[in-house]
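One structure is given here, and the rest of the page talks about it.
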Amino acid sequence: MSATGMPLAELPIAPSWTGDETLYSWCCRWHRLTLYSTRVSGLALFGVPSAAKVRIAPNPFGHFSTVTKGLLGSPADIVRRRTAVGSFLAMARNTDRHRIEAGALNPAHVLSEKTGIALRLRYCSGCVKRHQNLWGMAIWRVPHQLPGAVICLDHGRPLIELVEQRQLWSLPDNGTVREIDVASRSEIRSLSVAAEAAVCIFESGGLEVEELRERAQSVVSEAYGVLDAKRLDPERVDSDWQGSPLSQWCKRVFPDSNAFPPMWITNVLRSRRSERSPLRWAFLVAYFEERSWSSAKVFFSGDRDLSSHQLSFWGDAADVPSLILHACTRSANANQAAKIIGVTPGTVRDWVRINAALAGATSHWTVRR
């Protein structure tokens with residue numbers, strides 16, 4: 001900042017990135033080093049005094065690119081790799097994605113796809129301690145800011161979120177915070193998968209939503225024993241979702257949220273609304289794994305033959321859901337088991353062929369194939 005108060009042509013200091021920190025985190029560290037006021041730092045970095053208000057994704061184009069002289073990477077690379085906008089870009093239409101990467105469109109454009117849950121700054125207390133030991137200060141990590149991430153994958157604990165909305169360049173060791181409420185191990189497991197899915201979406205760089213929808217249609221149709229998504233019973237699909245740990249967590253923690261309205265799963269599968277929300281895709285894939293329909297790894301691998309891999313992550317009898325084992329044990333054949341479970345007999349026979357534990361549980365069947 002010059003003596004007249006006008007923005008500088010270049011920054012007096014431009015530290016390198018620290019770990020997987022966000023753009024906002026870098027700005028906070030720069031602000032601490034310069035000892036400028038909040039407004040002056042905003043002017044110096046982005047040319048606007050209110051830049052600190054845009055915590056999730058400060059606009060990296062224009063002024064910021066000029067004053068950093070490209071030392072931190074290209075604007076397109078920064079917005080994709082160092083902000084939560086990267087998740088929305090991955091699901092955006094190709095035209096919008098290219099325009100934002102070229103600097104012709106403000107990144108906030110893709111954020112107009114409402115998430116339904118406020119995107120607040122989040123951190124892990126375990127990560128904070130590690131960073132303070134390494135660098136003397138904590139940072140805001142990119143994986144913690146992604147839509148659908150409420151669990152730290154490194155420490156397996158709920159994240160802590162910043163609740164105050166004041167205009168500040170604030171690192172994790174400063175401000176009013178609260179830990180995200182997680183009540184059970186089942187919620188931890190499901191939310192951890194959602195966090196893994198959120199990272200997969202972000203790191204993909206770009207996903208074809210139509211292909212994702214086809215994969216999801218295949219998974220759900222197979223699970224309910226129907227030929228295609230048009231034949232799904234929306235009320236039954238929604239009822240099953242409402243009883244899941246993921247749904248119960250959403251209702252308890254975000255009771256006023258519209259992120260997952262009634263029939264949202266079939267609406268996404270039928271391309272009716274919000275099919276480009278990274279939050280919904282992260283939770284949908286986590287729900288698939290929660291129901292043992294498909295693992296996140298298999299879903300995002302692009303494997304077209306999902307049905308043959310749906311239950312490959314059941315390692316042994318202890319991993320197979322009790323409902324499946326119980327149905328196979330008490331039934332005399334695949335038809336009876338399929339009726340109890342709610343899938344097609346062909347699906348049950350495929351499971352038995354794939355999984356040794358299920359093969360053992362069906363050794364008494366009168367008709368095996």
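We did not get these values from a lab; they are worked out from the coordinates using the rules stated. No experiment lies behind these values; they were computed from the predicted model shown. Cβ atoms come from the backbone with ideal geometry, glycine included; neighbour counts cover every protein chain shown.
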- Take the eigenvalues of the Cα gyration tensor for the chain, scale each by 5, and report the square roots as semi-axes in whole Å, largest first. 46, 21, 17
- Can you work out ³J(HN,Hα) from phi for every residue in region 255-268, in order, using Karplus 6.51 cos²θ - 1.76 cosθ + 1.60 and θ = phi - 60°, giving whole Hz and x for Gly and Pro? x, 9, 6, 10, 5, 10, x, x, 6, 5, 5, 5, 5, 5
- Query: Under a no-solvent Debye model with one identical scatterer per Cα of region 322-361, what's log10 I(q)/I(0) at q = 0.25, 0.26, 0.34 Å⁻¹?
  - Reply: -0.73, -0.79, -1.33
- Query: Across region 185-196, in residue order, what do the Karplus-derived ³J(HN,Hα) couplings come to in whole Hz, using 6.51 cos²θ - 1.76 cosθ + 1.60 with θ = phi - 60° and x for Gly and Pro?
  - Reply: 5, 5, 5, 4, 4, 5, 5, 5, 5, 4, 5, 5
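So if we plug the beta-carbon distance of Glu235 and Ala14 into 1/(1 + (r/R0)^6) with R0 = 51 Å, what FRET efficiency do we get, rounded to 0.05?
Working: r = 56 Å, r/R0 = 1.11.
My answer for the efficiency is 0.35.
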- With the chain treated as a Gaussian network of Cα nodes joined by springs under 10 Å, which of Ala198, Ala104, Ala149 yields the largest mean-square fluctuation? Ala104
- Have a look at Ser295, Ser257, Ser125 and tell me which one the Gaussian network model of the chain (Cα, springs below 10 Å) gives the largest fluctuation. Ser257
- Convert each backbone phi in region 156-164 into a coupling constant with the Karplus relation 6.51 cos²θ - 1.76 cosθ + 1.60 (shift: θ = phi - 60°), then list the ³J(HN,Hα) values in order as whole Hz, x for Gly and Pro. x, 10, x, 6, 10, 10, 7, 9, 6
- Query: Using a 4.7 Å Cβ cut-off, which Cys residues in the chain lack a partner cysteine?
  - Reply: Cys27, Cys28, Cys200, Cys250, Cys328
- Relative contact order of region 41-132, pairs being alpha-carbon contacts under 8 Å that are 6 or more residues apart, as %: 23
- Query: Across 5 Å bins from the origin, how do the percents of Cα pairs in region 205-307 run, short distances first?
  - Reply: 2, 12, 25, 28, 20, 10, 3, 0
- Task: Using only Cα atoms, find the angle between the long axis of helix 23-34 and the longest principal axis of the chain, and express it within 0 to 90 degrees, rounded to the nearest 10.
- Result: 30
- Note on the structure: Relative contact order in percent for the chain (Cα pairs under 8 Å, 6+ apart) equals 14
- the chain: most fluctuating residue of Leu71, Leu159, Leu269 per GNM, C-alpha cutoff 10 Å: Leu71
- How many angstrom separate the Cα center of region 59-102 from the Cα center of region 23-47? 19
- Query: Going 7 Å from the Cα of Glu203 toward and past its Cβ, which residues in region 145-161 have a backbone nitrogen under 13 Å from where you end up?
  - Reply: 153-154
- Please list, in chain and number order, the residues 5+ apart from Arg157 or on another chain whose amide H is under 5 Å from its amide H, with Hs placed from the backbone. Cys152
- Note on the structure: Counting lysine pairs in the chain that sit 8 or more positions apart or on different chains, with Cα atoms under 29 Å apart, gives 12
- Query: What nm value, rounded to one decimal, do you get for the distance between Thr66 and Ser271 when each label is placed 7 Å out toward the C-beta?
  - Reply: 4.3
- Stretched fully, the stretch from Asp256 through Leu134 gains (0.36 nm per residue minus C-alpha distance, one decimal, in nm) 40.0 nm
- For the Leu323, Asp181 Cβ pair and Förster radius 41 Å, calculated FRET efficiency rounded to 0.05 is 0.90
